[in-house]
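Chemist: The following block contains the structure, expressed as structure tokens.
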Amino acid sequence: MSRFLKYLVSTPISNTGSVARDHLANERTFLSWTRTGLGFVALGVALAKLDALEALSPSLLSLNPSSPSPSPSPSQSHGDMKIPSAALVGSGTGCLSYGTIRYFRSLKLLQRGLFRPNVAGIGLVALTSGAVAGGGVYLLVQQETRER
């Protein structure tokens, strides 16, 4: 147990120059990665639950509330959302993992007075966001062609 507590307790370091400011910025960056990852995960879970909500009350998700139907027609169905949901949850998990690894690597570098720019993380978020946006556009176009 004491080994585990040793990793949770940090030793104080002298606040010379911008040391405290750098460490606090590293913590804020970690929290931003966490927030982004949790946002992707939450969106993936919400998308997965859309089918369950639609099955519970088909008229709830209908675009025309004046004509409730007992079951959604194929043109009203949102289709299989398992793959987009899994992609969002996977992307969120990747953001959470990368943010945690990046935090501890930056912490070690800052303690030695060094800094490494975050090139890979920026590329990861840009690629993930582009894939999510592209997938969303693809699903919308697919839904529109099914309705015709």
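The values are calculated or read from the model by the stated rules, or taken from the named source; none is laboratory data. The structure displayed is predicted, hence computed values, not measured ones. Note that each Cβ is placed from the backbone with ideal geometry, even for glycine, and that neighbours are counted across all protein chains shown. SASA here: full protein model, heavy atoms, side chains in, ligands and nucleic acids out. Shrake-Rupley method; radii C 1.70, N 1.55, O 1.52, S 1.80 Å.
Chemist: Pop out the carbon and sulfur fraction of the accessible area of segment 1-47 as a percent, whole number, probe 1.4 Å.
Modeler: 65
Chemist: Using θ = phi - 60° and the Karplus curve 6.51 cos²θ - 1.76 cosθ + 1.60, what whole-Hz ³J(HN,Hα) does each residue of segment 134-143 get, with Gly and Pro shown as x?
Modeler: x, x, x, 5, 4, 5, 5, 5, 4, 5
Chemist: Could you work out how much longer the chain between residue 46 and residue 34 gets when fully extended? Use 0.36 nm per residue separation minus the Cα distance between them, nm to one decimal.
Modeler: 2.5 nm
Chemist: Something else about it: Give me the one-decimal nm value for the distance between modelled label points at residue 18 and residue 53, 7 Å along each residue's Cα-to-Cβ direction.
Modeler: Label at residue 18, label at residue 53, 4.4 nm between them.
Chemist: What's the extension gain from residue 80 to residue 93 if we count 0.36 nm per residue and subtract their Cα-Cα distance?
Modeler: Extending this stretch completely gives an extra 2.5 nm.
Chemist: Can you compute 3J(HN,Hα) from phi for each residue in segment 38-48, using the Karplus curve 6.51 cos²θ - 1.76 cosθ + 1.60 with θ = phi - 60°, rounded to whole Hz and x for Gly and Pro?
Modeler: 5, x, 5, 4, 4, 5, x, 5, 4, 5, 5
Chemist: Give me the net charge for the shell around residue 111: Cβ to Cβ below 12 angstrom, other residues only, Lys and Arg +1, Asp and Glu -1.
Modeler: The answer is +2.
Chemist: Using 0.36 nm per residue of separation minus the Cα-Cα distance, give me the extension gain between residue 131 and residue 100 in nm, one decimal.
Modeler: Answer, rounded to one decimal: 8.9 nm.
Chemist: Between residue 143 and residue 27, take the C-beta separation as r, use R0 = 41 Å, and let me know the FRET efficiency to the nearest 0.05.
Modeler: Between residue 143 and residue 27 the formula returns 0.50.
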